[in-house]
Amino acid sequence: MPRQPRLDAPGALHHVMGRGIERTNLFRIDRDRDDFLNRLGNQCKEGNLIVYAWCLLSNHFHILVRTGRQPISRSMKKLLTGYVVNFNLRHKRTGHLFQNRYKSIICEDDPYLLELTRYIHLNPVRAGMVGGVEELKDYRWAGHSVIMGRVEREWQDIDTILRYFGRGQEAVKKYEQFVREGVMQGRRPELVGGGLIRSLGGWSQVLSLKRRGDKIASDERILGSEGFMQRLLLEAEEREKETLRLSRKVPDLETLTRRLVKGEGIEESELRSGMRRKRVVKGRRMFCQLAVGRMRYSGAEVARFLGVTTSSVNRLAASEETPDIRKYLNMF
């Protein structure tokens, strides 16, 4: 089964994970870790990423980031490609370092910004790399030590997280207690596991729905509510249509207008008005069917062009196709 394209949007929250190929250690020495973090920090300084949480383990990493000026794929490519080149030079090796492409889950902010911050920062505790939350305060290779004020990483956004807990040192104490409470939760597959389990928040919810016979949408690339998921997928579909439209070099709406009003014997001003004359209504319906159905413009885009509502454009585009539309298909 072909892998699905990545989901992204300006300002989207992502939980990103990467693993070493065949369990290869990604970080052998502290110089490796410093190199990775310096490159991650540069992406933040350039405005490409905002980092809330992160941890480096021996053969994999976790980061919780928000996209900035460019798509996450471009930022991660620059980060990982540069790191691999330097890693191979340092350790006199060749070939791939990462197992396949990195994994990226797009997440709903509430409640997952805080839940994932805690989950990611507790990874060294779960892996036995530190003795507990007290020792985690001084662990240099996870963002928890930065939020606790023990290690300085000026590129990490700690204010956004601490604002959820109050102000000043009181916020730091409440955040630390929040992290301590997460130790008892152990591993949480619903935060990183497959599609439906993750979407619903665990197996108990999945089994409950199955018993009731309910169905719900899921997508392994998304962590969030069904409404959040459907909104993201709809936006991704609209972007895909726009990309397809541009790649096919279809005519713009002005060109379509000129051809259609000439062919149908109406005026452009009539097409872009609320006039109900039979010939005008027919032309407007054909325009919507061509623009939305064939040229892959969004209903909102066509509505703005015509000066009508999006719902009326979508209704006309979805109506039975006018036979006369065929004479305009040679435009595509």
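The values are calculated or read from the model by the stated rules, or taken from the named source; none is laboratory data. Here the structure is a predicted model, which is why all the values come from computation and not from measurement. Here the Cβ is made from the backbone with ideal geometry for all residues, glycine too, and neighbour counts use every protein chain on show. We work out accessible area using only protein heavy atoms, side chains counted, and drop any ligands, DNA or RNA first. Shrake-Rupley method; radii C 1.70, N 1.55, O 1.52, S 1.80 Å.
Heavy atoms of the protein chains alone define the surface here; on that basis region 56-149 has 42 Å² accessible area per residue at 1.4 Å probe size. Convex hull volume of the Cα atoms of region 7-120, normalised per residue: 94 Å³. Computed 3J(HN,Hα) for region 15-24, one whole-Hz value per residue from the Karplus formula 6.51 cos²θ - 1.76 cosθ + 1.60 where θ = phi - 60°, is 9, 10, 10, x, 10, x, 5, 6, 6, 4, glycine and proline marked x. Taking trypsin sites (Lys or Arg not before Pro) across region 9-44, the ones in a DSSP loop with at most 16 further Cβ atoms lying within 10 angstrom of their Cβ are ARG28.
If you take the alpha carbon atoms of region 109-164 and fit the smallest convex hull around them, that volume is 79 Å³ per residue.
Quick one: with all protein chains in place, what share of the accessible area of region 75-116 is carbon or sulfur, to the nearest percent (1.4 Å probe)? Walk me through the numbers before you get to the answer.
Numbers: 1180 of 2210 Å².
Heavy-atom surface of region 75-116 belonging to carbon and sulfur, 1.4 Å probe: 54 percent.
Applying the Kirkwood pairwise sum to the alpha-carbon positions of region 1-63 produces a hydrodynamic radius of 13.4 angstrom. Rounded to the nearest 0.05, what FRET efficiency do ILE325 and ARG272 give with R0 = 25 Å and r taken as the Cβ-Cβ distance? Could you check? According to the calculation, E is roughly 0.85.
Loop-resident trypsin sites (Lys or Arg not before Pro) (DSSP state other than H, G, I, E or B) in region 86-130 with no more than 14 further Cβ atoms inside 10 Å of their Cβ: LYS92, ARG93, ARG101.
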